[in-house]
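Report on the structure given below.
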Amino acid sequence: MSSRCMSVALSATIAALALNACSSVPWEGPIKGGPTETGAGTLAAARKYLEGRWTLVSYEVFPPDAPPITLHGTGILTFDEFGNLTMDIRADKPSAVLLEKAGIQTKDGALRTSGRTVVDMQARTLTYVLEGQPPFGAPSGPLALNRPRHWEVEGNLLTLMTKGDDGRPLSVGRWQKPE
């Protein structure tokens, strides 16, 4: 028998054995996982809490080597059931000027973003994942979207805070959801 014939015969034998080994268990549908935790303190509960429309109560920015900026204006923060976020803050003219001086760019006084949020229950943070944004990288500025937002909850008040490398607040936003 030639080496080519022997190679074809060996390949056919291996294929037959492989097919026979795979066919011994019937298909029974998707693999079932454990139950999803849904009580207080779970990821599912946090996502459900965030879901909906929030209005801006207050927003402060703490630029390095400059006085704090209290933003005056309006804002809406919306989370959907899939963790998608839309944020629209409209600062008044004096606030927009102060933000620009601190190196925070606005477009006609507006800060807008949309994307997906990742909730970390242990660290109590939200991280924004925006289309086209690298998931990790060096944060640049107090409102850098790749900086985690540390969250605190008190009733229907959500506080989101960015922190510097030294742990001090860089920005603090307070949002309220109608009850």
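Only the coordinates and a few stated rules stand behind these numbers; no lab work does. On a predicted model such as this, the values are computed, not experimentally measured, just so you know. Reconstructed Cβ throughout: ideal geometry from the backbone, glycine too, with neighbour counts over all protein chains shown.
Quick notes on this one:
- Note on the range 43-171: the alpha carbon radius of gyration divided by the globular reference 2.2 N^0.38 Å gives 1.03.
- The alpha-carbon atoms of the range 60-110, seen along their principal axes, cover 39, 21, 15 angstrom, with the largest extent given first.
- Bridging of residue 48 to aspartates and glutamates at a Cα separation below 17 Å is possible for 37, 80, 81, 120, 152, 154, 179, once same-chain residues fewer than 8 apart are set aside.
- Karplus 3J(HN,Hα) series, Hz, for the range 150-161 with 6.51 cos²θ - 1.76 cosθ + 1.60 (x for Gly, Pro): 7, 10, 9, 10, 9, x, 9, 10, 10, 10, 10, 10
- For the pair the range 85-109 and the range 150-175, the centres of their Cα atoms are 18 angstrom apart.
- Distant-in-sequence amide contacts of residue 58, defined by a placed amide H-H separation under 5 Å and a gap of 5 or more residues or a different chain, comprise 174.
- For the set 93/177; 101/177; 107/163; 101/163, the pairs lying more than 28 angstrom apart at their alpha carbons are 101/177.
- Each label point was placed 7 Å from the Cα along the Cα-to-Cβ direction; for residue 156 and residue 51 their separation is 1.7 nm.
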